[in-house]
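So the structure is just underneath, and the comments pick up after that.
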Amino acid sequence: QVQLVESGGGLVQPGGSLRLSCAASGIIFSRFTMGWYRQAPGKQRELVAHVTSGSSRNYVDSVKGRFTISRENAENTVYLQMSSLKPEDTAVYYCNAKFGARQYWGQGTQVTVSS
């Protein structure tokens, strides 16, 4: 049974930081491309960042220079370090694991950026 469990969301003031974690089980983690997506109310889910099995990283333009994705294969965990947060970063953040035709999602964690 595959599980992706996110943690680390919460309420933060503009300019603040948060670190999201996603712990995976039931997959050969090192083979999967791991990603973070987000969905704001009334908007489509969008890719925020992903890191491949070879540790190549890609970011949506709106978070470049502010967010960093990393993976720790020994811990089956992927992280998203978010800094200089803006109100427009407010969304539910989802962890994603992808390998070929196989794709899995976490349940999501809420990030709210507000003063």
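Within segment 1-76, list the trypsin sites (Lys or Arg not before Pro) lying in a DSSP loop whose Cβ has at most 12 other Cβ atoms in a 10 Å radius. In loop regions of segment 1-76 (DSSP not H, G, I, E or B), the sparsely surrounded trypsin sites (Lys or Arg not before Pro) are Lys43, Lys64.
Remark: the Asp61-Gln44 segment gains 4.5 nm on full extension, using 0.36 nm per residue and subtracting the alpha carbon distance. Net charge around Ser114, counting only other residues with Cβ within less than 13 Å of its Cβ (Lys, Arg = +1; Asp, Glu = -1)? Around Ser114, the surrounding residues sum to -1.
Solvent-accessible surface of the chain, averaged per residue with a 1.4 angstrom probe and all protein chains in place: 52 square angstrom.
Evaluating 6.51 cos²θ - 1.76 cosθ + 1.60 at θ = phi - 60° for every residue in segment 104-115, the Karplus couplings come out as 9, 10, x, 7, x, 9, 7, 10, 10, 10, 7, 8 Hz, glycine and proline recorded as x. Dipole magnitude for the chain: computed about the Cα centre from +1 point charges on Lys and Arg Cβ and -1 point charges on Asp and Glu Cβ, it is near 220 debye. With q set to 0.10, 0.12, 0.23 Å⁻¹, the log10 of I(q)/I(0) for the chain, from the Debye formula over equal scatterers at the Cα positions, is -0.26, -0.37, -1.33.
Rounded to whole numbers, the Karplus 3J(HN,Hα) couplings from phi for segment 58-73 are 9, 10, 5, 4, 5, 10, 4, x, 10, 10, 9, 9, 8, 9, 10, 5 Hz, using 6.51 cos²θ - 1.76 cosθ + 1.60 with θ = phi - 60°, and x at Gly and Pro. Given a 1.4 Å probe and the protein chains as shown, Tyr104 ends up with an accessible area of around 60 Å².
The calculated FRET efficiency for the pair Thr68 and Arg31, based on their C-beta separation and a Förster distance of 22 Å, comes to about 0.50. The fraction of accessible area contributed by carbon and sulfur in the chain is 45 percent, rounded to a whole number (1.4 Å probe; ligands and nucleic acids excluded).
The values are calculated or read from the model by the stated rules, or taken from the named source; none is laboratory data. Remember, predicted model here, so these are calculated numbers, not experimental data. Backbone-built Cβ (ideal geometry, glycine too); neighbour counts: all protein chains shown. Note: accessible area is taken over every heavy atom of the protein model, side chains too, but ligands, DNA and RNA are not part of it. Shrake-Rupley method; radii C 1.70, N 1.55, O 1.52, S 1.80 Å.
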